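Below: one structure, written as C-alpha cells.
Coordinate-derived values only; no laboratory data. Since the model is a prediction, treat every value here as computed from it, not as a measurement. In this analysis, Cβ positions are derived from the backbone assuming ideal geometry, glycine residues included, and neighbour counts consider all displayed protein chains.
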Amino acid sequence: MGKERGRERWLTSQPWGLVEEPTLILDTRRAIANIESMARKAERSQVRLRPHFKTHQSAEIGEWFRERGVSAITVSSVAMAEYFVSHQWQDVTIAFPVNLRQIEAVSHLCQRAKIGLLFESVESVRHVAAKLKAEALAWIKIDTGYHRTGIDWDDLESCRSVARAIDQCPNLELAGLLTHAGQTYRASSSEQIRAIFHRTAERMNLARDGLAPTGEPVCLSVGDTPSCSLVDHFDQVDEVRPGNFVFYDLMQWLIGSCSQEQIAVGVACPVVAKHDDRREIVIYGGAVHLSKEFVYDAAGRKIYGGIALPAETGWTAMRSASYLAAISQEHGIVRADKELFATTEIGDLLVIIPVHSCLTANLLREYLTLDGQRMTVG
Ligand code: PLP
C-alpha cells in the first residue's frame, strides 16, 4: 500500500487485514449520523419517516432506525417484506406495483403485519380483491414527472376510478397517494432538486383534492434521497420515504445531496496488476461487486467508482485525478494519478466509492464494519 502509508500496517490492521476479496466496508458512525439527521428533519417537519430499506436490506441496520424511533418502513419486494416482518417490523409498504402472481405470499404477509400495497389500475385492484385473504392498506401510485410508472398526477378520473375500486373491496383500505420523484437524479443543481420537491408536493396535493369527492382525506407519501437531503423542511406532505441516504454514494455526492464525509460505504478491492504504459491499476472488483452503473462527472469522464485509500479511521477523501474508468465481470481498471500509481503496490487495497450504494450492497450481501464486525444482507 505505498511506502508512505506503511504497507505492513494496513495489511494487518482492522478492518483492512480481514479483506481477501472485494469487501463492502461500512462506516457505522457515518450511517448512524445520516439516520439521525433525516429523522430529525422529519420530526421538525412533523411528517412520518418511512425509510426505504432496499438500500441496506439488513435487520441489524434496521435496528439503528428503530432505536431512532422509526416504526414504519418501505421495501421493494415481497421477499424483502417477509424478511423484515420476520424481524418484527409491523408496518411495511411494498413500494412496487402489486404483482398478481405473488398474491398468495402477499396474503400470508397481510396476516402477519400491516402491509401497504401499490395500485395504479382498477384491473389490479379487482384481481387482488378477488384473491386477498387478509386486510391490507392500498396506496395509489402517482406519476408526478418521473415517468417510470403510476397514474399521471392530473389524470383525476383514473385516480378516482382506482380509489372507488379500492373502496368497494372489503379487504382494502385506501391509505393515500404515493409517488417517487426519481427525476431529481437527472437535475443539474440543488435549486432544481428543491424545485422538484415543491412541485411534487403541489401536484400530490392537487391529486388529493381531486379525490376528495370519493371520501376520506388520505395521506401523501413522497421521497427520494436527493430532495429529502436538500430541502430544509418537508412541506405539504405526510410521509417521506428516502432510502439511499443511510449510505449515500458517488452519485449522490456528484448531485450535491451529501458531502464526502457522509458517504458510509466503500468497497475495499485488492490491487492485482499495474500497467506502467497506461498508468492503470487493475483491481479485483468488477460488475459483479459494484454493478455496471456509471456517472459522468463535471469534466465529462465516465466513472464507475471513486478512488480512496484505506486510512486509520475509515478511508481518505476521493482522489479527484484518479477514477474507476472501466469494469468487466471481476476486473476494475483504475486510471491513476501519478502519485497514486507510484505508491500503489500489487497486494494493496484501494477503496472504491460506489456509484450506487443500493446496488453494491445488494450484490456484495455482507458488510464489514471499521471495527471488524460482519453483518449480512437479508
Ligand atoms: N420510494 C420508491 C417507490 C422508490 O422506488 C425509491 C427508490 O428507488 C425510494 C422510495 C427511495 O429513493 P432513494 O433511493 O432516492 O432514497
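Along the Cα→Cβ direction, 7 angstrom out, place labels at S189 and R278. What is the inter-label distance in nm?
3.9 nm
I'd like to know which of Q329, A195, S86 lies farthest towards the positive end of the charge dipole of the chain, counting +1 on Cβ of Lys and Arg and -1 on Cβ of Asp and Glu.
In the chain, that residue is Q329.
In segment 39-70, whose amide N lies under 13 Å from the spot 7 Å out along Cα-to-Cβ of H87? List them in ranges.
52-67
Between E157 and A134, what FRET efficiency comes out of the Förster formula 1/(1 + (r/R0)^6) with R0 = 35 Å and r the beta carbon distance, rounded to 0.05?
0.70
Quick one: length gained pulling R101 to N362 fully straight, 0.36 nm per residue minus the C-alpha distance?
Length gained between R101 and N362: 91.6 nm.
Given Cβ point charges of +1 (Lys, Arg) and -1 (Asp, Glu) and nothing else, what value in debye, to the nearest 20, does the dipole of segment 224-282 about its Cα centre take?
Computed about the Cα centre, the dipole is about 380 debye.
With θ set to phi - 60°, apply the Karplus curve 6.51 cos²θ - 1.76 cosθ + 1.60 along segment 65-78 and write out the HN-Hα couplings as whole Hz, x wherever there is a Gly or Pro.
Here the 3J(HN,Hα) series is 5, 4, 4, 8, x, 7, 10, 10, 9, 10, 9, 10, 8, 5 Hz.
Can you give the translational diffusion coefficient of segment 1-148 in µm²/s, computed by Stokes-Einstein from the Kirkwood radius over Cα pairs at 37 °C and 0.692 mPa s?
182 µm²/s
Contact order normalised by length for the chain, with contacts defined as Cα pairs under 8 Å and 6 or more residues apart; what percent is it?
After rounding, I find 21 percent.
Under 5 Å between amide H atoms, partner at least 5 residues away or on a different chain: which partners does G378 have, H built in plane at 1.01 Å?
Sorted by chain and number, the residues that satisfy this are S58, A59.
What is the distance in Å between the Cα centroid of segment 83-152 and that of segment 185-261?
Between the Cα centre of segment 83-152 and that of segment 185-261, the gap is 21 Å.
Identify, among M251, H289, L359, the residue whose Cα sits farthest towards the positive end of the charge dipole of segment 220-378, taking +1 on the Cβ of Lys and Arg and -1 on the Cβ of Asp and Glu, with the dipole about the Cα centre.
Positive-end residue among those listed: H289.
Quick one: angle between helix 156-167 and the longest Cα principal axis of the chain, in degrees between 0 and 90, rounded to 10, please.
In the chain, helix 156-167 runs at an angle near 80 degrees to the longest axis.
Mind putting a number on the dipole of segment 1-154 about its Cα centre? Charges go on the C-beta only, +1 for Lys and Arg and -1 for Asp and Glu, and I need it in Debye to the nearest 20. Could you put the intermediate results ahead of the total?
Details: 22 positive and 19 negative charges, 60 e Å.
Magnitude of the dipole: close to 280 debye.
With a cut-off of at most 15 other beta carbons within 10 Å, and DSSP calling the residue loop, which GluC sites (Glu not before Pro) in segment 165-236 qualify? Please list them.
Numbers: sites: E173, E191, E202; in loops: none.
The qualifying sites: there are none.
For a 20 Å ceiling on Cα separation, which of these pairs sit above it: K54/K131; K54/K292; K54/K302?
K54/K131; K54/K302
Calculate one ³J(HN,Hα) per residue across segment 229-237 by plugging θ = phi - 60° into the Karplus curve 6.51 cos²θ - 1.76 cosθ + 1.60, and present them in order as whole Hz with x for glycine and proline.
7, 9, 7, 7, 8, 8, 6, 6, 10
Relative contact order (percent) for segment 105-155, with alpha-carbon contacts under 8 angstrom and 6 or more residues of separation?
Dividing the mean separation by the residue count of segment 105-155 yields 35 percent.
Using the alpha-carbon centroid of each, what span in Å lies between segment 284-358 and segment 20-59?
Rounded to whole Å, the Cα centres lie 23 Å apart.
Give, rounded to the nearest 20 debye, the magnitude of the charge dipole that segment 255-378 has about its Cα centre when Lys and Arg contribute +1 at Cβ and Asp and Glu contribute -1 at Cβ.
Numbers: 11 positive and 14 negative charges, 73 e Å.
It comes to approximately 360 debye.
Give the residues of segment 349-378 whose amide nitrogen is closer than 20 Å to a point set 7 Å from the Cα of A317 in the direction of its Cβ.
Hits in segment 349-378 for A317 at 20 Å: 350-355.
Given Cα pairs under 8 Å that are at least 6 residues apart, what percent is the relative contact order of segment 287-374? Walk me through the numbers on the way to the answer.
Details: 128 pairs, mean separation 29.0, N = 88.
The normalised contact order for segment 287-374 reaches 33 percent.
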